[in-house]
Amino acid sequence: MGNRGLVSLQLILFALTIVTGWSVTTTTAYSQSYSGTVAKSARLVGDGLRTRFVVDLSRSVPFNLFTLQDPYRIVVDLPNVSFQMPPDIGNKGRGLVSAFRYGLFAKGKSRIVIDVTGPVKIDKSFVLKRGSGQPARFVLDLIPTDRTTFIQELQKQKQRQAQKSKTKLPVKLATLPPIPKPKSSPRAKRKPLVFIDPGHGGIDPGAVGSLGTREKTVVLQFSRLLKKELEKSGQLRVRMTRNTDVFVPLKSRTALARRQKADLFLSIHADSAPKGYRKARGATVYTLSEKASDLEARQLAQRENRSDIIAGVQLPTESQDIADILIDLVQRETKNYSVSFANLLVGRLKNEIVLRKDPVRFANFQVLKAPDVPSLLVELGYLSTPQEEKLIRSRDWQRKVARSVARAIETYFKRHGIRNPY
Ligand SMILES: [Zn+2]
């Protein structure tokens, strides 16, 4: 790699830190040396005046802590820890903690995100070594504080991080597929590139069905089948935003598709209806719009957009106004293609599976915001309805729907060709 190559790699790495807010703490050697560590259990003790959070570990590991506001959260970053705890262990809160979740955040990096009931102060945090019949333990003590103090602490923490990132390069590129080499092939010969985006992943499980099905798992299974189906003809190139159970921030998903010049972006999800609507059935296809088609679509987009909050990603604070105006102009054309694809897809799916009434809807989904890539989000159905959950889990159903989606994509490209002629 020449000098120019190095410079551009550094730029990409820099851009990635901005886009994802990944903190700069781990190195590959650091994560490798702790692989095989198991977190077996976690518990909360205490009350609203002092709450202790404890995780049992098979050995001591280093950790990194930071806080986030709106909503208030504590984030614990660990090396590659394998969580072997009961799946619903974090659903019940106690004292100052309302819930917590855990999972793989990026390759070699695990994360616990603790939702707290209000502004808190980290009074103590340490790891106890294994010994005298006890496992190693990560311990965190929280006490209440006020919003002003919480935010002051957060500012200090940001300054410390900024200092650190001046001296180190981020290493998290490993979670993303390799950057493709520019090809010298003439533009006319380029095969269309389809990006499949299995929703959620890692620390963010997405919706959880009444039989325990996790959205992140079924959408990944489905996406793999769809990829295979699309590759059969040899006429399309297919990539995925994730191909393992790993968390990928929303903005990185679109950034990845744009950087690789995707011609179509398809985000795959499976919904859970709010209580009181537990008989909801059917698939829906969504395109991007600032204004939602209906209240349900708006609430769904809000739920889906929470992925980064769930995973404790630090969102950039700088104003995006100017970028938004430019994006709006480019998006109009893209939007027409997205809607065209949505109608094609629904035309195919209606012969195969149950669809919602008005199956093409729109809302403000973060993951559909690539200004120059026609993008669509598909909700396969409702995991909250047991009958439908069983279908979505079944390989036969997944295969049938994947075939149908693949045929719609093929028709789309026959009709519209590639969108990015470079
Ligand atoms: Zn989802």
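The values are calculated or read from the model by the stated rules, or taken from the named source; none is laboratory data. Because the structure is a prediction, the values reported are computed rather than measured. Cβ placement follows ideal geometry from the backbone for every residue including glycine, while neighbour counts extend to all protein chains displayed.
Worth pointing out:
- If the condition is being modelled with pLDDT under 90, within 16 Å of the ligand (Cβ to nearest atom) and of a type in the set (D, E, K, R), then the range 305-357 contributes ARG306, ASP308.
- Failed item, numbered, when ILE392 is tested on (1) touching a Gly at 6+ places or on another chain (Cβ under 7 Å); (2) surrounded by fewer than 21 Cβ atoms within 10 Å (Cβ to Cβ): (2)
- Selection of the range 285-297 for residues being within 15 Å of the ligand (Cβ to nearest atom) and under 20 Å from the mean Cα position of the chain (by Cα) yields VAL285, TYR286, ALA297.
- The set of residues from the range 108-125 being among the hydroxyl-bearing types (Ser, Thr, Tyr) and under 21 Å from the mean Cα position of the chain (by Cα) comprises just one member, SER110.
- In the range 205-221, the residue that is farthest from GLU388 (Cα to Cα) out of those that are within 16 Å of the ligand (Cβ to nearest atom) and part of a loop (DSSP other than H, G, I, E, B) is PRO205.
- Considering the conditions (1) more than 14 Å from the ligand (Cβ to nearest atom); (2) in contact (Cβ under 8 Å) with a residue 40 or more places away in the chain; (3) within 24 Å of SER338 (Cα to Cα), ARG224 is excluded by exactly one of them, (2).
- Hits in the range 298-313 (condition: hydrophobic (A, V, I, L, M, F, W, C) and over 13 Å from HIS269 (Cβ atoms)): ILE309, ILE310, ALA311, VAL313
- Extreme residue, nearest to the ligand (Cβ to nearest atom), among residues of the range 227-236 that are at pLDDT 95 or above and surrounded by fewer than 17 Cβ atoms within 10 Å (Cβ to Cβ): LYS228
- Flag for ALA273 being outside any helix (DSSP H, G or I) and either within 16 Å of the ligand (Cβ to nearest atom) or modelled with pLDDT of 90 or more (or both): yes
- Only one of the listed residues (ALA255, ALA262, ALA270, ALA292) is more than 22 Å from GLU333 (Cα to Cα) and of a type in the set (A, V, I, L, M, F, W, C). That residue is ALA270.
- Sole residue being part of a helix (DSSP H, G or I) and within 20 Å of VAL405 (Cα to Cα), chosen from ARG224, ARG242: ARG224
- Candidates LYS164, LYS172 - the one that is away from the ligand (no atom under 16 Å from the Cβ), modelled with pLDDT under 90 and surrounded by 16 or more Cβ atoms within 10 Å (Cβ to Cβ): LYS172
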